[in-house]
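This report refers to the structure that appears directly beneath it.
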Amino acid sequence: MRVVTLDHPADFDGWRTAARALAAADVPAHEVTWQVAGDTGDLLATAAEPPPAAPARFSVPRTFVDLAESVVCHSDPARFGLLYRALLRLRETPRLLEDKADPLVDRLEALRRSVARDIHKMRAFVRFREVTEEDGARFVAWFEPDHHIVRRNAGFFVRRFSTMRWSILTPEVCALWDGETLDFTPGATKTDAPDGDAVEATWRTYYASTFNPARLKVKAMLKEMPKKYWRNMPETALVPALIAAAGTRTEAMIEAGAPAPHAQSLAELAAAAKACTRCPLHGPATQTVFGEGPADAPLMFVGEQPGDQEDLAGRPFVGPAGQMFDKALAAAGVARATAYITNAVKHFKFEPRGKRRIHQTPQTPEIKACGVWLAAERAQLRPKLIVALGATAARAVLGRAVTIGKTRGQPVPLDDGSELWVTIHPSYLLRIEDPEAARAEYDRFVADLAQIRERLGALA
Ligand code: URA
């Protein structure tokens, strides 16, 4: 049996030197015991043969080195042995890591992911408290990682807080930065760290004021910020109260929205709407997507809300639903350029999922909050005919819910003398899977648009 004693639990350099020498001497994995100095495994060392002395050159893919640098930080005692096994196999199978179905590769990947998550949590949840020392201020944080990540993560804090003097205390090892040098010292206890400081109240106020109740998703929040981290984060004392008040605060934000807009033209309205904060949707969206079209258009189309592409482009109906809409308009003989096109809600409502933004249907408070803009657009434009594309648009214009199937194909008189026509939203056509059904619905939509064109002609 060979025993390798590493200097510390995440001693990648020590592991690499020993592993290279062992592999060059063809020592099988089951003949190597890996231990960390100070661990109980030291007992074995007396009876064991040391690893071969001369490290041999041994080339492995860079991806393996990256993987190993992460995996050595895991708290699994088997990590060094698993990596050594992988190293031996890499000599025969250089592309081993590409085989995701291989149980060893799979296990190493799982360890890597777990370390990456712990590193992320440390970056997100370390909270420094200021203490005054003889030679000035120092910022001290207490953190309890799941894995041996402090050394690997310290560089991040050096770069981020390079001009501060700081210490991150953890049970296993502490990282200390004095503005020039990074040191690691033995572990500490929570009582070595300060409990609070003068800026904590400010930090709590900041957190409470940036907490957006309308974006609250308790489950997602707990997943991202597990409760075990809360005890070292001053702002978390506020979380239960903020969650409890979220519903009422969202309503209040909408109620307290800006006064109804006064403008001389659609262009002025569009400019004013850019700064709209009447409901919380303005926060995550890229920009307000206002209506567009001739100021004297007799025909107004109202959609639901901008989608992902509209949000980025700042124009309504330019994404996939817009392209379907354009095709149907052309088929019905309606020139898009002669109509005014807008939406019931003028900010994109979505839920972030990884890199994607998933559309969410706007609800009554948002439709109501945005209703002032739709009313102002109607007042400026005075269209003869309004077309609601879908149920949200119909609700926004009428102030009540209607069933599309029952309302479709006939005019609904409006208070200002104009009339409303309700039809489907073009995105509905994109969701129908059966090609025949999709074709039939498309034809019906084109027929609705053609009927609207004829009606407009009759009203002229
Ligand atoms: N869907 C809408 O309702 N409006 C747009 O602008 C785009 C997609």
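Brief remarks on what is shown
- Some residue of region 368-378 being within 37 Å of the chain's Cα centre (by Cα), surrounded by 18 or more Cβ atoms within 10 Å (Cβ to Cβ) and closer than 24 Å to Arg431 by Cα: no
- Count of residues meeting criterion [of a type in the set (S, T, N, Q) and more than 10 Å from the ligand (Cβ to nearest atom)] in region 336-345: 1
- Among the residues listed as Arg165, Arg160, the single one being within 24 Å of Arg117 (Cα to Cα) and charged (D, E, K, R): Arg160
- Test: residue in region 374-381 that is in contact (Cβ under 8 Å) with a residue 12 or more places away in the chain, within 16 Å of the ligand (Cβ to nearest atom), out of contact with any helix residue (DSSP H, G or I) (no Cβ under 7 Å at 6 or more places or on another chain) and not hydrophobic (A, V, I, L, M, F, W, C): no
- Among the residues of region 302-314, those identified as in a helix (DSSP H, G or I) and either at pLDDT below 95 or farther than 16 Å from Ala393 by Cβ (or both) are Asp308, Gln309, Asp311, Leu312, Ala313.
- Candidates Glu130, Glu69, filtered to the one that is of a type in the set (Asp, Glu), surrounded by fewer than 19 Cβ atoms within 10 Å (Cβ to Cβ), touching a residue at least 24 places away in the same chain (Cβ under 8 Å) and closer than 19 Å to Arg20 by Cα: Glu69
- There is no residue in region 174-184 that is assigned to a loop (DSSP other than H, G, I, E, B), among the hydrophobic types (A, V, I, L, M, F, W, C), touching a Cys at 6+ places or on another chain (Cβ under 8 Å) and modelled with pLDDT of 90 or more.
- For Cys276, the conditions (1) outside any loop (DSSP other than H, G, I, E, B); (2) over 27 Å from Arg431 (Cα atoms) are fulfilled apart from (1).
- Test: residue in region 65-79 that is at pLDDT below 95, acidic (Asp, Glu) and either outside any helix (DSSP H, G or I) or within 20 Å of Ala110 (Cα to Cα) (or both): no
- Looking only at residues of region 72-105 that are small (Gly, Ala, Ser) and surrounded by 12 or more Cβ atoms within 10 Å (Cβ to Cβ), we find that the one that is farthest from the chain's Cα centre (by Cα) is Gly81.
- Residues (surrounded by fewer than 21 Cβ atoms within 10 Å (Cβ to Cβ) and either among the acidic types (Asp, Glu) or within 11 Å of the ligand (Cβ to nearest atom) (or both)) located in region 271-314: Glu292, Asp296, Asp308, Gln309, Ala313, Gly314
- Residue in region 418-436 that is surrounded by fewer than 16 Cβ atoms within 10 Å (Cβ to Cβ), of a type in the set (A, V, I, L, M) and in contact (Cβ under 8 Å) with a residue 60 or more places away in the chain present: yes
- The set of residues from region 389-419 being part of a strand (DSSP E or B) and within 16 Å of the ligand (Cβ to nearest atom) comprises just one member, Leu389.
- Residues in region 315-335 that are more than 10 Å from the ligand (Cβ to nearest atom), in contact (Cβ under 8 Å) with a residue 12 or more places away in the chain and under 25 Å from Gln380 (Cα atoms): Leu329, Val334.
The values are calculated or read from the model by the stated rules, or taken from the named source; none is laboratory data. Note that the structure is a prediction, hence the values are computed from the model and not measured. Using ideal geometry, Cβ is built from the backbone for each residue, glycine included, and neighbour counts are taken over all protein chains shown.
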